[in-house]
Amino acid sequence: MAHDVDADGDVDILHSDADARFVPFLNDGRGFFLAGPALQAPPFGATVGTLGAADDDGDGLPELFLAATPNLWRYQNLGSGTFGAPTSLWEETGTVRYRYPAFSMADADGDGDLDIAMFAHMENGPPPGDDDDDSAGGPFVFEGTRDVLLLFEGGSVQETIELLGDAGGTLGLVGLFTDRDGDGDQDLFVPSDRDLPAVFWRNDGPGSGSVPTFVDDSTQISAAVEMDGMGVDSADLNQDGRLDYLISDTGPVKVLLSGSSGYVESGVALGLDPDTDFNPATVGWSLDLVDLENDGWLDIVQASGPLPDGPGAAQAWPDIYWRGLEDGTFEDVTTETGFGSMAENYGLTTADFDGDGFLDVVRVEPGSPPSLLMNRCGAGAWLDVELIGLPENREAFGARIEVVSGDFTHLREMHSSRGQGQTPSRLHFGLGAVDTVGPVRITWPDGAVSESSLVPVNRRVTVTHPVR
């Protein structure tokens, strides 16, 4: 995870060490890091999952949130890269204890407070290597589980909503709050694992009372695509003003490309079938849509790692770098750029660690120190947009940012944690050969709008919510 945890203006790294402790690596502003004190582990018996950052009390210091079965934990930020003891925000009390390997944060009910969607995986899978064991009368069948939406008010959970979906649930390793239809409500996209169909929940706003109504319309919009979804990101790839969604998979990256009546899965058509001799071609985990060259065209970097169990569990796959082309397709440039590490890199994220205007890449292998790739490529213009939202959602998760550059409009959303990685709460736009851009338009999570008509490039701009 990459985030400015000590509020000094540069991006730090948090990563779990060989003892499964999360350790902050504090940046000195030049891309050199010093390890800080490790976070106190949750009580004995908790299974560690995903870490995410969000400043939910508006003091400028982001707290850390940890999904560790069967609880959701919060670490108070004490400043200078140190954190207090974990406090439990929620505990599952049912007889079945699901694993929660990922979560996403946004204001789902429109009350200003951050809410948290917990994506559940099955409690216990088959023994390693038994995916195809038919000795008990047939192969093991992976069945979907329900996910859980926690609605917060004043720092505590007020409502718990179970989300099952028309197909009987997912096996979530990643998920994403996103306003897919631009109506101001945070919808919820849950790619599934184990070749189960993805679920896209449409948020129809408050029903009776203040609790939002979520509708599974995945089949109607052709989003119920079967996959082994392990990483996700979004952007407007086809310039129709709507967000498209990329999901790493076992094999080619899945792309839900927006159309007139929903989505069309277009990964192979866009060139995202990896150029490898492996079968399957890849096992993708964390994935980022980024412009590494600042040429104005989004690239894709993907961490690749072994399957956790079953056939192929001992096989390694290279990380992959797809360069974005002007026609909207991608080319695999892994070999010529030297990007294809064969380490078991489940985690990956991108950020400008040394402040030179080019995004760097950090990738992580369980139990090993982070691997940092410093980017020295390209000469194109760039713009970083950092948002300061209202106190309960200072990072402004759920905001939409549009940057107009000539005839091209860059559209992105501010996301929280995405599976095994989280980028900083500032959005980077590569722009190519331009001197100014505009308008730059921010639609805040509460519907407020900020707009600047002409913005110089090659700088970071900070935009504060108009009523803060």
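May I ask for the net charge around PHE32, where only other residues with Cβ less than 13 Å from the Cβ of PHE32 are counted and Lys, Arg are +1 while Asp, Glu are -1?
Numbers: positive: ARG30; negative: ASP10, ASP12, ASP28, ASP354, ASP360.
Net charge in that neighbourhood comes out at -4.
Where the accessible area of region 139-184 is counted over protein heavy atoms with a 1.4 Å probe, how much of it, in %, is carbon and sulfur? Working shown, then result.
Numbers: 870 of 1920 Å².
With neighbouring chains kept in place, the figure for region 139-184 is 45 percent.
May I ask you to derive the FRET efficiency for ASP17 and ARG459 from their Cβ-Cβ distance with R0 = 30 Å, giving the value to the nearest 0.05? Don't skip to the answer; put the middle values down first.
Details: r = 36 Å, r/R0 = 1.19.
My answer for the efficiency is 0.25.
When the convex hull of the Cα atoms of region 383-449 is projected onto a plane and the area is averaged over all directions, what value comes out in nm²?
Working: hull surface 20.5 nm².
Mean projected area of the Cα convex hull: 5.1 nm².
Relative to the present Cα-Cα distance, how much length would full extension add between ASP195 and ASP356 at 0.36 nm per residue of separation? Walk me through the intermediate numbers first.
On the way: separation 161, 0.36 × 161 = 57.96 nm, distance 4.11 nm.
Contour length minus Cα-Cα distance gives 53.9 nm.
Can you give me the Cα centroid spacing of region 314-355 and region 176-212 in angstrom?
A separation of 29 Å, based on Cα centres.
Region 308-398: which chymotrypsin sites (Phe, Trp or Tyr not before Pro) are DSSP loop and have at most 10 other beta-carbon atoms within 10 angstrom? Display every interim value, and only then the final one.
Numbers: sites: TYR321, TRP322, PHE330, PHE339, TYR346, PHE353, PHE358, TRP382, PHE397; in loops: PHE339, TYR346, PHE353, PHE358, PHE397.
Listed in order of number, the matching sites amount to none.
List the GluC sites (Glu not before Pro) in region 362-468 that DSSP assigns to loop (not H, G, I, E or B) and whose Cβ has at most 11 other Cβ atoms within 10 Å. Which are they? Before the final figure, lay out each step's value.
On the way: sites: GLU386, GLU392, GLU395, GLU402, GLU413, GLU451; in loops: GLU395.
Of the GluC sites (Glu not before Pro), not one in the loops of region 362-468 has a Cβ with at most 11 other Cβ atoms within 10 Å.
What number do you get for region 333-419 when its Cα radius of gyration is normalised by 2.2 N^0.38 Å, N = residues? Present the calculation step by step, with values, prior to reporting the outcome.
Details: Rg = 16.0 Å, N = 87, 2.2 N^0.38 = 12.0 Å.
Scaled against compact globular proteins, the figure is 1.33.
Go through region 139-213 and name the trypsin sites (Lys or Arg not before Pro) that are in a DSSP coil and have 13 or fewer other Cβ atoms within 10 Å of their Cβ.
On the way: sites: ARG146, ARG180, ARG194, ARG202; in loops: ARG146, ARG180, ARG194.
Filter output for region 139-213: empty list.
With each run of n ≥ 4 DSSP H residues scored as -39500 (n - 2.57), what mean residue ellipticity at 222 nm is computed for the chain after dividing by its residue count and rounding to the nearest 500 deg cm²/dmol?
Details: 1 runs with 4 residues, N = 468.
Estimated from H runs of four or more residues: 0 deg cm²/dmol.
Ignoring solvent entirely, what values of log10 I(q)/I(0) come out of the Debye formula for the chain at 0.08, 0.10, 0.11, 0.12 Å⁻¹ when each Cα is a single scatterer?
-0.42, -0.68, -0.84, -1.03
Along the positive direction of the dipole of the chain (beta-carbon charges: Lys, Arg +1; Asp, Glu -1; about the Cα centre), which of ALA20, LEU188, VAL440 reaches farthest?
ALA20
If you scale each eigenvalue of the Cα gyration tensor by 5 and take the root, what three semi-axes come out for region 189-294, rounded to whole angstrom and sorted largest first? List each step's numbers first, then the result.
Working: eigenvalues 145, 54, 33 Å².
Working through the eigenvalues yields semi-axes of 27, 16, 13 Å.
Where the only charges are on Cβ atoms (+1 Lys, Arg; -1 Asp, Glu), what is the dipole of the chain about its Cα centre, to the nearest 20 debye?
Details: 23 positive and 81 negative charges, 149 e Å.
I would put it at about 720 debye.
By how many nm would the segment from ASP407 to SER450 grow when fully extended, if each residue of separation counts as 0.36 nm and the alpha-carbon distance is taken off?
Working: separation 43, 0.36 × 43 = 15.48 nm, distance 2.08 nm.
Result for the pair: 13.4 nm of gain on full extension.
Which length gain, in nm to one decimal place, applies between SER156 and THR329 when the Cα-Cα distance is subtracted from 0.36 nm times their residue separation? Could the numbers behind the result be given before it?
On the way: separation 173, 0.36 × 173 = 62.28 nm, distance 4.47 nm.
The SER156-THR329 span can extend by a further 57.8 nm.
The values are calculated or read from the model by the stated rules, or taken from the named source; none is laboratory data. For clarity, every value in this text was computed on a predicted model and none was experimentally measured. Glycine gets a Cβ as well: all are built from the backbone with ideal geometry, and neighbour counts include every protein chain shown. Calculation scope for accessible area: heavy atoms of the full protein, side chains included, ligands and nucleic acids excluded. Shrake-Rupley method; radii C 1.70, N 1.55, O 1.52, S 1.80 Å.
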